[in-house]
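I have placed the structure first, in the form of structure tokens, so that the comments after it can refer back to it.
The values are calculated or read from the model by the stated rules, or taken from the named source; none is laboratory data. Computed from a prediction, not measured in an experiment: that's the story for all the values here. Every residue, glycine among them, receives a Cβ derived from its backbone with ideal geometry; neighbour counts consider all protein chains shown.
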Amino acid sequence: MTDIVITDGDQAVFTPAFGAAIVVVRPGRLTGSGKSTLSGKKICVEGDEKKLEVPGCAYITPQFIIPGTGTLKIAALGADQLTKKSKDGGKAILLKGSVFTAVFEVLSPAQDPSSPPPKPDPVPKYSGTGQLVSFNIKFKAD
């Protein structure tokens, strides 16, 4: 299916709900490594999504209300976020598509203040979702 091509500088926007965790999300900027360019920007190809990280995001859960921090990443692209036919340097091209699977990796656990000393959140990572947002509104591929 034809969709908008993702290029260098486009964003991954994460949904704040990551299971039980509520994350203070910030968009991440994708870095394109494709051989082709669009308006002077490299296009993003399969694998570029794995390099995206948004560190230093705060989070809480209903039980652990003293905020902790962690890093947002793209765990897996949706089936409609990679080209089926078009390739660049032998790799599929990233498309806007619908939704990707995201992961929030805890670096500093949120804490439960109800029992002294505060008890840290034992969960090392939470799953969520997000979308790719492109500043390109014309160039499409399939």
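Quick look at the values:
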read-out: Given (1) of a type in the set (Lys, Arg); (2) over 19 Å from Val133 (Cα atoms); (3) not in a strand (DSSP E or B), number of the condition Lys50 does not satisfy; value: (2)
read-out: Unique match (being out of contact with any strand residue (DSSP E or B) (no Cβ under 8 Å at 6 or more places or on another chain) and under 30 Å from Asp112 (Cα atoms)) among Pro62, Pro67, Pro27, Pro16; value: Pro62
read-out: Spans of strands (runs of 3 or more DSSP E) in segment 72-142 with at least 1 residues among the hydroxyl-bearing types (Ser, Thr, Tyr); value: 82-88, 100-108, 125-133
read-out: Qualifying residues in segment 50-68 (those that are in contact with a Lys or Arg (Cβ under 7 Å, 6 or more places away or on another chain) and over 25 Å from Ile137 (Cβ atoms)) - the one surrounded by the fewest Cβ atoms within 10 Å (Cβ to Cβ); value: Glu53
read-out: Conditions (1) among the aliphatic types (A, V, I, L, M); (2) more than 24 Å from Ala17 (Cα to Cα); (3) touching a Lys or Arg at 6+ places or on another chain (Cβ under 8 Å); number of the one not met by Leu132; value: (2)
read-out: Residue within segment 37-49 that is of a type in the set (Lys, Arg), under 13 Å from the mean Cα position of the chain (by Cα) and either closer than 19 Å to Val103 by Cα or buried (at least 18 other Cβ atoms within 10 Å of the Cβ) (or both) present; value: no
read-out: Residue satisfying condition, being surrounded by 15 or more Cβ atoms within 10 Å (Cβ to Cβ), under 16 Å from the mean Cα position of the chain (by Cα) and among the β-branched types (Val, Ile, Thr), within set Thr101, Thr71, Thr83; value: Thr71
read-out: Unique match (being modelled with pLDDT of 95 or more, hydroxyl-bearing (Ser, Thr, Tyr) and closer than 29 Å to Pro122 by Cα) among Thr61, Thr7; value: Thr61
read-out: Tabulated pairs, segment 80-93, first under 13 Å from Glu49 (Cβ atoms), second of a type in the set (Ser, Thr, Tyr), C-beta under 9 angstrom, 6+ apart or interchain; value: Gln81/Ser98; Lys91/Ser33; Ala92/Thr83; Ala92/Ser86; Ile93/Ser36; Ile93/Thr83; Ile93/Ser86
read-out: Test result for Lys125, of a type outside the set (A, V, I, L, M), in contact with an Asp or Glu (Cβ under 8 Å, 6 or more places away or on another chain) and either at pLDDT below 95 or over 24 Å from Pro55 (Cβ atoms) (or both); value: no
